[in-house]
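> Right, I'll just put the structure down here and ask away after.
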Amino acid sequence: MRIRTRTDYDNALIALGICVSARIPVLLWGNPGEGKTAAVESAGLRGWHVETVIITHSEPSDFAGLPVVTPQGTVTLAPPAWASRLAAFEGPSIAFFDEFSTASPALQAAALRPLTHYQVGSVQLPATVSFVAAANPSDIAAAGWELAAPTASRFVHLDWGMPYEVFAEGLVTGKWPTLPVYDSPDDYDRHLDDERVLVSGFLRARESQLSVIPSSAADRGKAFPTPRTWDYAARLSALARAVGVGDDVRRLVVAGAVGDAAAFEYLRWTASQDLPDPEALLANPDPALIAGLRADRVFVTLQGVLAAYSRTPNTDRWRAAIDVCAAAAQAVGIDPAVPVVRSLMRPGLRPDGAPVPPSIKAFAPALALAGLLNAPS
């Protein structure tokens with residue numbers, strides 16, 4: 001999406017703040033001189049520590065660590081100064097990789113472990129660190145490289161630009177927009193459970209969208225669906241809902257994670273869902289509450305019941321969840337319910353000593369095949 005208006009800019013800035021606040025790596029794509037670095041470093045005005053690493057001046061050891069022989073004759077990987085400073089800082093911080101489109105394939109490979117495991121040489125970065133990168137399109141970057149698919153899939157990709165209205169106001173007043181950051185609201189976990197249920201249901205209906213590696217090198221350097229990026233999409237969409245930002249921002253972060261096509265299909269699918277409240281079903285497992293729903297909606301509803309039970313597990317709620325699955329089987333058939341019943345019967349979700357309710361008989365053949373009808377230990 002090209003940034004043309006003040007609203008576009010504000011939405012992109014909020015989307016960046018959502019990614020930073022969720023501690024999910026984000027990559028800003030935009031032309032030189034349009035304020036990417038200034039936007040990221042403005043987090044310092046909100047108490048965040050920002051370490052800026054210019055990738056043009058970097059080499060693989062700046063991410064993997066420099067091999068050093070110890071007095072004992074062993075080799076350790078000495079971390080770069082920027083990583084040591086982040087590890088020592090108590091509070092939220094950003095590791096900002098500027099000019100990332102100049103990263104050679106070797107440098108991109110070295111950056112993989114920090115991005116996903118927070119490990120730089122021998123230093124383990126704290127979970128309070130967020131990763132942000134900025135890049136110019138490879139055709140205008142100095143010594144630009146396309147991103148390899150393993151690198152691109154570790155980022156959420158956001159387009160960036162400086163519309164005239166924002167530039168003129170900042171130029172005249174000297175006051176520029178600053179990066180918004182968000183604490184996780186108390187109900188974030190509930191929103192996250194709900195979003196993961198929706199992602200699970202969508203991918204059951206459109207399993208081909210779980211992992212789609214683009215055929216062209218240029219497309220492999222941007223957002224595309226993988227299990228990791230679907231997890232990103234769920235976490236970002238949940239935080240966007242929880243903090244109450246607009247649907248346009250939610251669309252940006254989901255598309256930045258899984259790509260425009262998959263995001264459009266997913267968001268259109270989620271908008272069409274009108275599902276029963278899982279807590280209401282646990283309180284009253286009535287087949288009438290499920291009757292008339294399509295099989296894919298029943299699957300999503302039961303995934304919601306599984307998530308609700310998992311948040312507050314006890315024997316009564318476990319039996320009620322089984323009864324909800326049996327009610328669904330009575331209403332629409334057993335196929336949408338079998339995966340949830342199998343999950344409920346597995347050790348760790350089934351309470352110790354919980355007797356199997358009579359309604360489980362509808363699933364006996366499927367559970368017997370999975371070896372899940374033994375009495376709990």
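> Exactly one condition in (1) open to solvent by 10 Å² or more (accessible area, probe 1.4 Å); (2) at pLDDT below 95; (3) more than 12 Å from Thr102 (Cβ to Cβ) is not met by Ala142; state its number.
Result: Ala142 passes all but (3).
> Still on this model: Keeping to region 248-271, report how many residues are among the β-branched types (Val, Ile, Thr) and out of contact with any Ser or Thr (no Cβ under 8 Å at 6 or more places or on another chain).
Within region 248-271, residues that are among the β-branched types (Val, Ile, Thr) and out of contact with any Ser or Thr (no Cβ under 8 Å at 6 or more places or on another chain) number 2.
> Residues Val197, Val172, Val212, Val181: which one is among the hydrophobic types (A, V, I, L, M, F, W, C), open to solvent by 20 Å² or more (accessible area, probe 1.4 Å) and part of a helix (DSSP H, G or I)?
None of the other options fit; the residue is Val172.
> Of the conditions (1) within 17 Å of Ala15 (Cα to Cα); (2) crowded, with 22+ Cβ neighbours inside 10 Å, Ala262 satisfies every one except a single condition; which number is it?
Ala262 satisfies all of (1) within 17 Å of Ala15 (Cα to Cα); (2) crowded, with 22+ Cβ neighbours inside 10 Å except (1).
> If Ser237 satisfies all but one of (1) among the polar types (S, T, N, Q); (2) surrounded by fewer than 19 Cβ atoms within 10 Å (Cβ to Cβ); (3) at pLDDT 95 or above, what's the number of the condition it fails?
For Ser237, the exception is condition (2).
> Let me ask something else. For residues that are assigned to a strand (DSSP E or B) and touching a residue at least 60 places away in the same chain (Cβ under 8 Å), scanning just region 89-126, find the one that is farthest from Ser21 (Cα to Cα).
Ranking the qualifying residues of region 89-126, first place goes to Asp98.
> Also, I was wondering about something else. Here is a check on your reading of the model: is Tyr232 more than 30 Å from Asp323 (Cα to Cα) and either in contact (Cβ under 8 Å) with a residue 40 or more places away in the chain or crowded, with 16+ Cβ neighbours inside 10 Å (or both)?
Taking the combined requirement at face value, the residue satisfies it.
> Could you give me the residue pairs with C-beta distances under 8 Å whose first residue belongs to region 173-187 and is in contact (Cβ under 8 Å) with a residue 24 or more places away in the chain, whose second residue is surrounded by fewer than 16 Cβ atoms within 10 Å (Cβ to Cβ) wherever it lies, and which are 6+ apart or on separate chains?
Sorted first by the residue in region 173-187, then by its partner, the pairs are Trp176/Ala38; Trp176/Gly170; Pro177/Gly170; Thr178/Leu45; Thr178/Arg46; Leu179/Arg46; Val181/Arg46.
> Is it the case that some residue within region 295-303 is surrounded by fewer than 16 Cβ atoms within 10 Å (Cβ to Cβ), more than 23 Å from Arg196 (Cβ to Cβ) and either of a type outside the set (Lys, Arg) or at pLDDT 90 or above (or both)?
There is no residue in region 295-303 that is surrounded by fewer than 16 Cβ atoms within 10 Å (Cβ to Cβ), more than 23 Å from Arg196 (Cβ to Cβ) and either of a type outside the set (Lys, Arg) or at pLDDT 90 or above (or both).
> For residues that are farther than 21 Å from Gly292 by Cα and β-branched (Val, Ile, Thr), scanning just region 307-340, find the one that is least open to solvent (accessible area, probe 1.4 Å).
Within region 307-340, the match that is least open to solvent (accessible area, probe 1.4 Å) is Thr315.
> Given the conditions (1) over 14 Å from the mean Cα position of the chain (by Cα); (2) at pLDDT 95 or above, report the number of the one that Arg196 does not fulfil.
Going through (1) over 14 Å from the mean Cα position of the chain (by Cα); (2) at pLDDT 95 or above one by one, Arg196 breaks only (1).
> Now, a different point. Can you tell me which of Arg317, Arg311, Arg350 is at pLDDT 85 or above, of a type in the set (Lys, Arg) and within 23 Å of the chain's Cα centre (by Cα)?
The conditions single out Arg311.
> Shifting gears a bit: Here is a list of conditions, (1) crowded, with 20+ Cβ neighbours inside 10 Å; (2) modelled with pLDDT under 90, and Ala217 meets all of them except one; can you say which number that is?
(1)
> Something else now. Name the single residue, out of those in region 39-84 being under 21 Å from Thr116 (Cβ atoms) and of a type in the set (D, E, K, R), that is modelled with the highest pLDDT.
My answer is Glu51.
Yes/no matrix, rows are residues, columns are (1) out of contact with any Gly (no Cβ under 9 Å at 6 or more places or on another chain); (2) of a type outside the set (Ser, Thr, Tyr); (3) surrounded by fewer than 21 Cβ atoms within 10 Å (Cβ to Cβ):
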{"site": "Leu28", "(1), (2), (3)": "yes, yes, no"}
{"site": "Arg46", "(1), (2), (3)": "yes, yes, yes"}
{"site": "His49", "(1), (2), (3)": "no, yes, yes"}
{"site": "Thr52", "(1), (2), (3)": "yes, no, yes"}
{"site": "Pro60", "(1), (2), (3)": "yes, yes, yes"}
{"site": "Leu66", "(1), (2), (3)": "no, yes, yes"}
{"site": "Leu77", "(1), (2), (3)": "no, yes, yes"}
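The values are calculated or read from the model by the stated rules, or taken from the named source; none is laboratory data. The structure displayed is predicted, hence computed values, not measured ones. We place every Cβ from the backbone using ideal geometry, glycine too, and count neighbours over all the protein chains shown. Surface areas here come from the heavy atoms of the whole protein model, side chains and all, with no ligands, DNA or RNA. Shrake-Rupley method; radii C 1.70, N 1.55, O 1.52, S 1.80 Å.
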